[in-house]
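Worksheet: one structure, shown below.
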């Protein structure tokens with residue numbers, strides 16, 4: 001809050017007071033949700049390519065990086081939009097401070113997005129024969145097919161820190177005891193597994209049944225462990241007075257209690273049971289429904305967990 005301005009020196013005097021209300025809102029929720037999809041499809045896609053032949057999963061080599069490319073650009077777009085001075089973002093690249101998690105994360109995310117773009121180009125051109133006949137870029141992509149195999153391991157490696165670094169930033173926030181680094185790291189990783197498997201399920205109708213069963217298994221495991229993580233913090237975050245006060249917003253009668261339990265039931269519990277049933281019996285409709293509600297529930301869970309610590313007064 002500006003108290004007054006000194007005209008002679010153009011100096012601005014401010015009062016160092018807490019800003020009331022929610023500062024990180026839906027943009028940051030969408031940011032983290034999109035990042036989970038962008039990194040998750042790569043991690044789960046790599047798992048599938050390790051276990052199955054690519055011929056049994058049509059189009060995975062170009063749809064996987066394409067989905068990741070779109071999701072990552074949504075993530076980067078809303079990161080910039082949320083900044084008060086988005087043009088200053090260029091200083092992260094011109095004058096980097098490597099002790100900052102934001103700087104390291106921005107560099108890794110940019111490199112990751114660049115490599116994903118290259119994978120989508122090579123994979124897409126190789127899948128579509130019509131493009132190959134008339135496009136010089138497609139001929140280049142076809143002749144550099146081995147480059148895909150060489151780049152892909154580095155992309156998989158980068159997907160892990162890119163999906164985790166946001167947890168480090170949140171854990172560095174002052175007086176936000178609910179955002180502890182160890183638990184947030186696990187939440188981010190499980191969110192990537194959940195979002196990646198759910199997204200790939202939506203494009204897996206033409207894949208072999210065994211690949212869909214693996215996706216159902218990953219979805220079941222990630223929803224089960226994600227639910228246990230939230231329940232562990234819901235019931236046992238009693239060592240910190242601030243965490244206890246924060247969790248009152250989702251306990252019975254709390255402001256976000258309804259949204260929290262909708263997220264838990266439709267985003268974790270229901271997809272878990274539906275995914276388990278799909279492992280036993282290959283039901284595409286059931287599995288797709290589980291994937292959709294898991295993605296919606298994940299967004300709601302992230303939204304609640306982001307907002308409730310900000311509701312606690314800092315003074």
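The values are calculated or read from the model by the stated rules, or taken from the named source; none is laboratory data. These numbers were taken from a predicted model, which means no experiment stands behind them. Using ideal geometry, Cβ is built from the backbone for each residue, glycine included, and neighbour counts are taken over all protein chains shown.
Tell me which residues, restricted to region 235-258, are in a helix (DSSP H, G or I) and surrounded by fewer than 17 Cβ atoms within 10 Å (Cβ to Cβ).
235, 236, 241, 242, 244, 245, 257, 258
Tell me the residue from 296, 304 that is closer than 14 Å to residue 255 by Cβ and free of Cβ contacts under 8 Å to residues at least 60 places away in the same chain, please.
304
Any chance region 267-281 includes a residue that's part of a loop (DSSP other than H, G, I, E, B) and within 30 Å of residue 208 (Cβ to Cβ)? Walk me through it before giving the result.
Here is the first cut: in region 267-281, the residues part of a loop (DSSP other than H, G, I, E, B) are 281.
When the remaining residues are screened for being within 30 Å of residue 208 (Cβ to Cβ), the result is 281.
Yes, region 267-281 contains at least one residue that is part of a loop (DSSP other than H, G, I, E, B) and within 30 Å of residue 208 (Cβ to Cβ).
Which number in (1) farther than 22 Å from residue 301 by Cα; (2) modelled with pLDDT under 75; (3) surrounded by fewer than 21 Cβ atoms within 10 Å (Cβ to Cβ) marks the one condition that residue 180 misses?
Of (1) farther than 22 Å from residue 301 by Cα; (2) modelled with pLDDT under 75; (3) surrounded by fewer than 21 Cβ atoms within 10 Å (Cβ to Cβ), only one is false for residue 180: (1).
Which one is modelled with the lowest pLDDT among residues in region 282-315 that are more than 22 Å from the chain's Cα centre (by Cα) and in a helix (DSSP H, G or I)?
Checking each candidate, the answer is 311.
Out of all the residues in region 61-80, is one or more outside any helix (DSSP H, G or I) and at pLDDT 75 or above?
So in region 61-80, the residues outside any helix (DSSP H, G or I) come out as none.
The answer is no, given that none of the residues of region 61-80 is outside any helix (DSSP H, G or I) and at pLDDT 75 or above.
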